[in-house]
Amino acid sequence: MKKVYLDYASLTPIDRGVMKQIKKYSSKDYTNPSSLYVSGVKSKIALESAKNRIAKVLHAHADEIIFTSGGTESNDLVSQAFENKNIIISEIEHSSIIKNTKAIRVRVDKNGVVDLGELEKTITKETVLVSIMMVNNEIGSIEPIKEIAKIVRNARRKNSENNKDCMYPFLHTDACQAGLLPLYVEKLGIDMMTLDGNKIYGPRGVGILYIKRGTVEISRSGTENLPGIMGLVTALEIMEKMRDKEYKRLNELKDLFITGLKRINKDIKINGQE
């Protein structure tokens, strides 16, 4: 029987063009980018080029990009930076965010969309971070990040009126499942964003944490995964190029799938947005 794989929200196959880049920087240009000799400097230049290419896709700055081992580490870095502080999340965040048991959770409606009214009421002058996933990893609900960003900005403006040095709250979004949506950070109005290579036909074990200038200092130590990084930037550029076409194709497949399920059982119910 032909294999049918339906869990792309968990893991995608690696694109051939991406694999080509991974192999290149694994067997040919494989030098540690922290090395001081010629090939190491060449790898460092490739690494900086990758940051610039990713910044172009996200409409960000190169110095706002941190490479990580994946979405979970990116989320963990954000959680650790605001540990033991007032954080607000949704009740359906990824486990790497929701494990922060001290975080205040806001409800979602029957479609998995955050209750904006409750979110606005929940934010106080003590709130330092709001973290809402852009696309849910289990039911696919797309959250209104721009509207959420507006609520967070209004709260920050009110706080600054009482304390001109106050920069809180910040907004973080886990966008690992949002590869087919425009990820332009300025238009979204976000301060931090998590991305993962293995959700967008990219390599496993590599991710991104975007941190807007002037928000919070977060750093990561260790040798950069250059093959993974070069594969990730290639995957991002491919997704940017094919976004509209792929979004249309996947929506058609989704509608076909749901229609087929309802033929089998007309009373079937869909969790999340149809």
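Points to keep in mind about this one:
- For segment 100-172, the average shadow cast by the Cα convex hull is 5.1 nm², which is a quarter of the hull's surface.
- A simple count of charges around GLY197, restricted to other residues whose Cβ falls under 13 Å of its Cβ and scoring Lys, Arg +1 and Asp, Glu -1, yields -2.
- The Rg/Rh ratio for segment 169-223 is 0.98, where Rg is the radius of gyration of the alpha carbons and Rh is the Kirkwood radius.
- C-alpha center-to-center spacing [segment 235-274, segment 1-76] in angstrom: 27 Å
- For segment 1-128, the spread of Cα positions along each principal axis, largest first, Å: 56, 50, 26
- Of the GluC sites (Glu not before Pro) found in segment 88-152, those in coil by DSSP whose Cβ has at most 11 other Cβ atoms within 10 Å are GLU126.
- Placing unit charges on each Cβ (+1 for Lys and Arg, -1 for Asp and Glu) gives segment 1-90 a dipole about its Cα centre, and among ILE45, LEU58, PHE82 the Cα reaching farthest toward its positive end belongs to ILE45.
- Probe 1.4 Å, protein heavy atoms only - accessible area per residue of the chain in square angstrom: 56 Å²
- For segment 110-143, backbone nitrogen atoms closer than 20 Å to the point 7 Å from GLU274 Cα along Cα-to-C-beta are found at 110-114, 136, 138-143.
- For VAL106, nonlocal amide neighbours, meaning residues 5 or more places apart or on other chains whose placed amide H falls under 5 Å from its own, are ILE89, SER90, GLU91.
- With all protein chains in place and ligands, DNA and RNA left out, the 1.4 Å accessible area ranks LYS85, LYS121 as LYS121, LYS85, largest first.
- The H on the amide N of ASN86, modeled in the peptide plane, is under 5 Å from the matching H of VAL128, each at least 5 residues off or on a different chain.
- Where a label projected 7 Å from the Cα of LEU181 along Cα→Cβ would reach, residues of segment 193-213 with amide N under 13 Å: 193-195
- Considering only the Cα atoms of segment 223-274, their convex hull presents on average a projected area of 5.7 nm².
- Against the empirical curve 2.2 N^0.38 Å, the C-alpha radius of gyration of the chain lands at a ratio of 1.07.
- DSSP-defined antiparallel bridges as percent of all bridges, the chain, nearest 5: 45 percent
- Note on the chain: with charges restricted to the Cβ of Lys and Arg (+1) and Asp and Glu (-1), its dipole about the Cα centre is near 700 debye.
- The loop-placed trypsin sites (Lys or Arg not before Pro) in segment 226-274, going by DSSP, that have at most 13 neighbouring Cβ atoms within 10 Å of their Cβ come out as LYS266, LYS269.
- Å³ per residue enclosed by the Cα convex hull of segment 123-274: 138 Å³
- Annotation: segment 3-69 has a Kirkwood hydrodynamic radius of 14.1 angstrom, from the mean reciprocal C-alpha pair distance.
- Segment 97-246 - percent of accessible surface contributed by carbon and sulfur, probe 1.4 Å: 48 percent
- Cβ-placed point charges (K, R +1; D, E -1), dipole of segment 1-67 about Cα centre in debye, nearest 20: 420 debye
- For the Cα trace of segment 61-207, dividing Rg by the Kirkwood Rh returns an Rg/Rh value of 0.95.
- Less than 5 angstrom separates the built amide H of THR68 from those of GLY207, ILE208, LEU209, all sequence-distant by 5 or more or on a different chain.
The values are calculated or read from the model by the stated rules, or taken from the named source; none is laboratory data. Given the structure is predicted, the values throughout are model-derived calculations rather than measurements. Note: ideal-geometry Cβ built from the backbone for every residue, glycine included; neighbour counts use all protein chains shown. To get the accessible areas, we keep the full protein, side chains included, count just its heavy atoms, and leave off ligands, DNA and RNA. Shrake-Rupley method; radii C 1.70, N 1.55, O 1.52, S 1.80 Å.
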